[in-house]
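> Sharing a structure with you now.
The values are calculated or read from the model by the stated rules, or taken from the named source; none is laboratory data. Predicted model, so just to flag it, every value in this text is computed and none were measured. Neighbour counts are summed over all protein chains in view; Cβ atoms, including those assigned to glycine, are modelled from backbone coordinates with ideal geometry. We work out accessible area using only protein heavy atoms, side chains counted, and drop any ligands, DNA or RNA first. Shrake-Rupley method; radii C 1.70, N 1.55, O 1.52, S 1.80 Å.
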Amino acid sequence: MAIEQLKPDCLYQHCDPKQFEFRTTAELEDLTEVIGQPRAVDSVRFGIGIRHKGYNLFALGPTGTGKHALVKRYAAEQAKTEPLPPDWCYVNNFQQPHKPRMLSMPPGQGVKLERDMEQLIEDLHAAIPTVFESDEYRTRSQAIEEELTEKKEQALHEIQANAEKKQIALIRTPTGFTLAPVRKGEALGQEDFESLPEKERERIERDTEELQEQLRRMLQEAPKWDKEVRDRMSDLNREMAASAISHLIDALRDAYRELTEVINYLDEVEKDVIGNFRHFLRHEEEKHGLQVLGIELPQRDEGIQVDKRYRINAFITHESHDGAPVTYEDHPSYNNLIGRVEHRAELGALITDYTMIRPGALHRANGGYLILDVLKVLMQPFAWEGLKRALQAGEIRIESLAQLMSLVSTVSLEPEPIPLDIKVILLGEPHIYYLLSMFDPEFKELFKVAVDFDYRMDRTPETQQLYARLIGTLVQQEDLRHLDRSAVARVIEHSARLLEDGEKLLTHTRSLTDILREADFWATQHDHKTVTREDVQQAIDARTYRVDRIREHIQDEIRRGTLMIDTAGQKTGQVNGLSVLDLGNFIFGRPSRITARVRMGDGEVVDIEREVELGGPIHSKGVFILSAFLGTRYLHDRPLALSASLVFEQSYGEVEGDSASSAELYALLSALADTPIHQSMAVTGSVNQQGEIQPIGGVNEKIEGFFDICNVRGLTGDQGVIIPATNVKHLMLREDVCEAVEAGKFAIHAIDTVDDGIELLTGIPAGQRDDGGLFPEGSINRRVEDTLTRYSETMQAYASKGRKGNSGNDKASS
Amino acid sequence: MIPVTEEATMRHIVVTLDASETGRSALETAVRLAAILNAELEGVFVEDINLIRLAGLPFLREVRPWSLGEESVSAQRMQRELRTMARHAEQMLEQAAREMGVHWSFQVWRGPAGAETLAQNFVADIISLGGVSALASWRMWATTRPRTRRFRETLASISVLFSDSEQAARALTTACNLAKDPATSVTVLLPNNRAVDLPALKEKARAILDLHGLPARFVQLSGSGLQSLVQVTGTSGVSILIAETEHPLLLQAGLDQCLEVLSCPVLLVR
């Protein structure tokens, strides 16, 4: 049965501009809905709507499919309907300064409290000195001190008076007091004393001892009096400080009477100010400490400076009324996510306090939505762990990495954790999602909603209309020239070509936007007011030209005969296979000569690519399928005594994929049948054990690759490509290929079986088994079967000779 | 006759050096005055002869008020400690004098401690006295660590014991010289004596004050005894008291007694 070549209309799925009623995209309404992503849209709606722990989102899809824009849009829409989250402030913990406290208050109140506390500090600097410089304070404090002095003086006077009566004086020494016997105002020396009568000496010694005992008792009492006075002074100080601060704090209490946390904090501030009122009494010059080389030395034992001590770190504040926050963190390092405690270097030491706590993205997005690029998170040390820990704990605990790793031993803080109520949306490639699902058990618990973005959608008249609106919307967003309808049609065709499928459209908005930008550039170059089909075509061609240097070199070498590809004549055991080279941003087809050699052997088909470790596993799989096919089709009841070798000639890189397996089979069949193959044909397609041809990828590039070679050498009308019939729907061939086919200069054949292919390649029927189980005489299959049978019988003959020889040997030995 | 060129005649100021608070104030005042009058300052540290003399008595114990420790009084230790104090006093004087650019000298005087004795033994235009009494007093021991003063600080309040004498006029002039800063107030203390023509005395004082362009407060003492003086200086927070050496109140109460009860240094003007 002759295989018909494909008609030109099968080679390219045109988009008819006449189906569009608009003249340019300017006439189109903006597309408000998302097209081609119904699953993703439903998932986003579900994920954003559900308010349970662990229902965070993972938007998976290729980069450029519009994941970010879509999730941000839906999150923003939802956020508008949600309340503004509270403000968070860090304040000094007066009991444990290294554990700053957190205050939560309604939005907007954080900034207000910060301002109010600044004002309070200023007011305290004025009010407290005023009170302590007042006549009242001076008089009362002096009175207390005077009372003590008088009490001590009185006690001392009593001793002095007693001493005087006994002609003894209480006199001052460099370090204390002593009692000395005196006569006429002068102390008695040793000689004077010894000249006194014994009784007098004894009396003096006794009296001195007595007075010393009194003095001792008095001195032992004195510290208690001092303590008493200190306590009274302390009470007085507290009373005066309280009088200075109470009216100021009361005003704040009144302003924040509905905020219990703030009221409690103000109570603590009041107590602390009263306890530390002296800090507000310093004169200007005393506020500055010692300086060394112009650097002020920190004051010892002061803790946080007084001006900072009562300051509010308005950590997270909200002053707008736009609802819950939607935040995207572009650089999700650990610190940028979790927040950090900054330090200030002072004379080689790192100093910090609660005013130096800085928020992270989790803080800023708390109460709303945080969008993160998962790859960036995973690439930042500890960021992924930090994010998961925060989500699991339901709170944000700021810990520095150095602290976490115990790398640095310095003064640091342990800020009170902030409760976390957030929806995290991760954006990433599908393989990252699957890897995390497989290897990170916590991932499934924390990111339960998968938002799976598709990169393609069906191509129907309706979707093409929507696609036109999408193009119009992108043009509007990017501020580009509008497209006329022929240009839109060309963009749609290009979209299908990028997808390698005439029945589908690409939803990869970045690729689409790129081609629109480039077409706009060429329209500008040609002074077109609107982008035309030619501008789009030029954009496509120019893009190809920019990246196809390697393709050109390869084709040039084929033309010059360096890379040996025949496009005419016939060869046995040789076929033109087709492969694609993927350069990342450019894919092109390249013909390869595949050869096969056969001889009698032990049933092994040797894939030389695999033997030298240049063949990938899928390619090897294809070759093993060939052995199975040959054995089961031709010699199902006897051993396959074949040794065959297959090779990609002039291939020096790795070969992967099974798209050449049918070509390899044709080469083998040609060699076995000893029948030449037309070299004007090239083949692509994989084959299964039944001999059916299966679809492959890159069909357009492969056809164009062979066409380009033939075109350079001159199209003869015999040249063509054999492709799997299942690939016909993927055809979106270049215009020049279609024209050549239409002119009968080039042919594309779609086949279903190996028999179809070998018939086309050899011009000889493959042949079907008759009722007797035999292939027709002269057919390819008959020739193959005959060769394999011959090999098998010969092998059996060798085997029986061998057995006889062995048994004779056995006898001899026995 | 009002002396108007006191600066020219007051060339020698003696100050007793002592570690007590009043002793420091006395030094401050003396240095300040020496700087204003361009006078020579002489610091005197008194080694109480009684301490050396009694040191041999075996039954005596020295009691220390802060540590509550006790030790026998030995002559060697006493002399060593007095030398240490003298050295410290000299350093204090040197530092203060250098800061104000004043010519100074220092001597250790061994004799009976006491202001009166000093006043008799030293010939000087002005004697600035702090705590020089040999008798034990709590005021000698500051209850708190004294704040480090700076000599640029102004005197808050100066009181002058004024009388009809020429020395009293010199005392008031000295006060005016010290009260150059507008923040310093001058109080003229007038005697409580019916025999004195109070308005005339006031007029005389005002004439001196006007000459220096200074305002002053006039306060008449409530009595003729020391108590009335204590009352005034205690309530008004006086920084320094200036008086003539022969003022009847001081003569009557005794200089040592005055210094003991007053909480401020005394500047005696001859």
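> Within segment A:166-177, can one find any residue that is more than 11 Å from every other protein chain (Cβ to nearest Cβ) and out of contact with any strand residue (DSSP E or B) (no Cβ under 8 Å at 6 or more places or on another chain)?
Yes, the conditions are met somewhere in segment A:166-177.
> Would segment A:738-754 turn up any residue that is buried (at least 21 other Cβ atoms within 10 Å of the Cβ), more than 27 Å from A:Gly714 (Cα to Cα) and in contact (Cβ under 8 Å) with a residue 40 or more places away in the chain?
Yes, there is a match, as at least one residue in segment A:738-754 is buried (at least 21 other Cβ atoms within 10 Å of the Cβ), more than 27 Å from A:Gly714 (Cα to Cα) and in contact (Cβ under 8 Å) with a residue 40 or more places away in the chain.
> Looking at segment A:784-804 only, could you name the residues that are within 13 Å of A:Arg633 (Cα to Cα) and charged (D, E, K, R)?
A:Glu785, A:Asp786
> Take A:Ile128 and decide whether it is among the aliphatic types (A, V, I, L, M), in contact with a helix residue (DSSP H, G or I) (Cβ under 8 Å, 6 or more places away or on another chain), farther than 17 Å from A:Arg253 by Cβ and open to solvent by less than 50 Å² (accessible area, probe 1.4 Å).
Taking the combined requirement at face value, the residue satisfies it.
> In the list A:Gly657, A:Gly584, A:Gly653, which residue meets the criterion of being closer than 30 Å to A:Ile540 by Cα and free of Cβ contacts under 8 Å to residues at least 12 places away in the same chain?
A:Gly584
> Do we find that A:Leu499 is touching a residue at least 40 places away in the same chain (Cβ under 8 Å) and out of contact with any Asp or Glu (no Cβ under 9 Å at 6 or more places or on another chain) in this structure?
Against the criterion (touching a residue at least 40 places away in the same chain (Cβ under 8 Å) and out of contact with any Asp or Glu (no Cβ under 9 Å at 6 or more places or on another chain)), A:Leu499 qualifies.
> Select, from A:Ile758, A:Ile696, the only residue that is within 23 Å of A:His619 (Cβ to Cβ) and either hydroxyl-bearing (Ser, Thr, Tyr) or assigned to a loop (DSSP other than H, G, I, E, B) (or both).
A:Ile696
> Give A:Phe58, A:Phe46 a once-over and let me know the one that is open to solvent by 80 Å² or more (accessible area, probe 1.4 Å), under 30 Å from A:Ala393 (Cα atoms), not polar (S, T, N, Q) and not in a loop (DSSP other than H, G, I, E, B).
A:Phe46
> Let me ask another. When you go through A:Glu186, A:Glu191, A:Glu221, A:Glu261 one by one, which is the residue that is modelled with pLDDT of 90 or more and not small (Gly, Ala, Ser)?
A:Glu261
> Still on this structure, please answer the following. Within segment A:73-87, how many residues are touching a Phe, Trp or Tyr at 6+ places or on another chain (Cβ under 9 Å) and crowded, with 19+ Cβ neighbours inside 10 Å?
Summing the residues that are touching a Phe, Trp or Tyr at 6+ places or on another chain (Cβ under 9 Å) and crowded, with 19+ Cβ neighbours inside 10 Å in segment A:73-87 gives 4.
Conditions (1) in contact with a strand residue (DSSP E or B) (Cβ under 6 Å, 6 or more places away or on another chain); (2) outside any helix (DSSP H, G or I); (3) at pLDDT 95 or above, marked per residue:
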residue: A:Val488; (1), (2), (3): no, no, yes
residue: A:Val491; (1), (2), (3): no, no, yes
residue: A:Gly502; (1), (2), (3): no, yes, no
residue: A:Val536; (1), (2), (3): no, no, yes
residue: A:Ala539; (1), (2), (3): no, no, yes
residue: A:Thr544; (1), (2), (3): no, no, no
residue: A:Arg551; (1), (2), (3): yes, no, no
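> In addition: Going through segment A:628-644 one residue at a time, which ones are hydroxyl-bearing (Ser, Thr, Tyr) and surrounded by fewer than 19 Cβ atoms within 10 Å (Cβ to Cβ)?
Once the filter is applied, which keeps residues that are hydroxyl-bearing (Ser, Thr, Tyr) and surrounded by fewer than 19 Cβ atoms within 10 Å (Cβ to Cβ), segment A:628-644 yields A:Thr632, A:Ser643.
> Evaluate the following for A:Glu200: is it within 12 Å of chain B (Cβ to nearest Cβ) and assigned to a helix (DSSP H, G or I)?
no
> Condition first: open to solvent by 50 Å² or more (accessible area, probe 1.4 Å) and either more than 18 Å from A:Leu170 (Cβ to Cβ) or at pLDDT 80 or above (or both). Now tell me which residues in segment B:107-136 satisfy that.
Answer for segment B:107-136, where residues must be open to solvent by 50 Å² or more (accessible area, probe 1.4 Å) and either more than 18 Å from A:Leu170 (Cβ to Cβ) or at pLDDT 80 or above (or both): B:Gln107, B:Val108, B:Arg110, B:Glu116, B:Gln120, B:Asn121, B:Val123.
> Here is a further query. State whether one or more residues within segment B:30-41 are touching a helix residue (DSSP H, G or I) at 6+ places or on another chain (Cβ under 6 Å), open to solvent by 30 Å² or more (accessible area, probe 1.4 Å) and either at pLDDT 85 or above or of a type outside the set (D, E, K, R) (or both).
yes
> Within segment A:602-628, count every residue that is on the phi < 0 side of the Ramachandran plot and touching a strand residue (DSSP E or B) at 6+ places or on another chain (Cβ under 7 Å).
So the answer is 17.
> Restricting segment B:63-93 to residues that are in a helix (DSSP H, G or I), in contact (Cβ under 8 Å) with a residue 12 or more places away in the chain and at the interface with another protein chain (Cβ under 8 Å from one of its Cβ atoms), which is nearest to A:Ala187 (Cα to Cα)?
Within segment B:63-93, the match that is nearest to A:Ala187 (Cα to Cα) is B:Met78.
> Looking for something open to solvent by 80 Å² or more (accessible area, probe 1.4 Å), more than 10 Å from chain B (Cβ to nearest Cβ), outside any helix (DSSP H, G or I) and basic (Lys, Arg) - is there at least one such residue anywhere in segment A:182-193?
Yes, segment A:182-193 contains a residue that is open to solvent by 80 Å² or more (accessible area, probe 1.4 Å), more than 10 Å from chain B (Cβ to nearest Cβ), outside any helix (DSSP H, G or I) and basic (Lys, Arg).
> Moving on to the next point. Collect the residues in segment A:331-345 that are open to solvent by 30 Å² or more (accessible area, probe 1.4 Å), touching a residue at least 40 places away in the same chain (Cβ under 8 Å) and part of a loop (DSSP other than H, G, I, E, B), keeping them in residue-number order.
A:His331, A:His343
Residue-wise test of (1) of a type in the set (Phe, Trp, Tyr); (2) open to solvent by 10 Å² or more (accessible area, probe 1.4 Å).
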{"residue": "A:Phe648", "(1), (2)": "yes, yes"}
{"residue": "A:Val655", "(1), (2)": "no, yes"}
{"residue": "A:Ser659", "(1), (2)": "no, yes"}
{"residue": "A:Asn688", "(1), (2)": "no, yes"}
{"residue": "A:Gly714", "(1), (2)": "no, yes"}
{"residue": "A:Thr726", "(1), (2)": "no, yes"}
{"residue": "A:Leu733", "(1), (2)": "no, no"}
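> Moving on. Just to check your reading of the model, which residue among A:Gln220, A:Gln214, A:Gln154 is assigned to a helix (DSSP H, G or I), within 9 Å of another protein chain (Cβ to nearest Cβ) and among the polar types (S, T, N, Q)?
A:Gln220
> Mind listing whichever residues of segment B:179-205 are open to solvent by 10 Å² or more (accessible area, probe 1.4 Å) and of a type in the set (A, V, I, L, M)?
B:Ala183, B:Ala195, B:Val196, B:Leu198, B:Ala200
> Only residues that are surrounded by fewer than 12 Cβ atoms within 10 Å (Cβ to Cβ) and of a type in the set (D, E, K, R): list them for segment A:194-206, please.
Correct list: A:Glu198, A:Lys199, A:Glu202.
> Just to be sure, is A:Gly323 more than 20 Å from A:Arg397 (Cα to Cα), touching a Leu at 6+ places or on another chain (Cβ under 7 Å) and of a type outside the set (D, E, K, R)?
Yes.
> Could you count how many residues in segment B:35-62 are at the interface with another protein chain (Cβ under 7 Å from one of its Cβ atoms), of a type in the set (A, V, I, L, M) and outside any loop (DSSP other than H, G, I, E, B)?
2
> Same structure, new question: Within the set of pairs 6 or more residues apart or between chains, which connect a residue that is of a type in the set (Ser, Thr, Tyr) inside segment A:722-736 to a residue that is crowded, with 23+ Cβ neighbours inside 10 Å and not in a loop (DSSP other than H, G, I, E, B) with Cβ atoms less than 9 Å apart?
What qualifies is A:Thr726/A:Ile693.
> Does segment A:576-589 contain any residue that is under 26 Å from A:Gly763 (Cβ atoms), in contact with a Gly (Cβ under 6 Å, 6 or more places away or on another chain) and not aliphatic (A, V, I, L, M)?
yes
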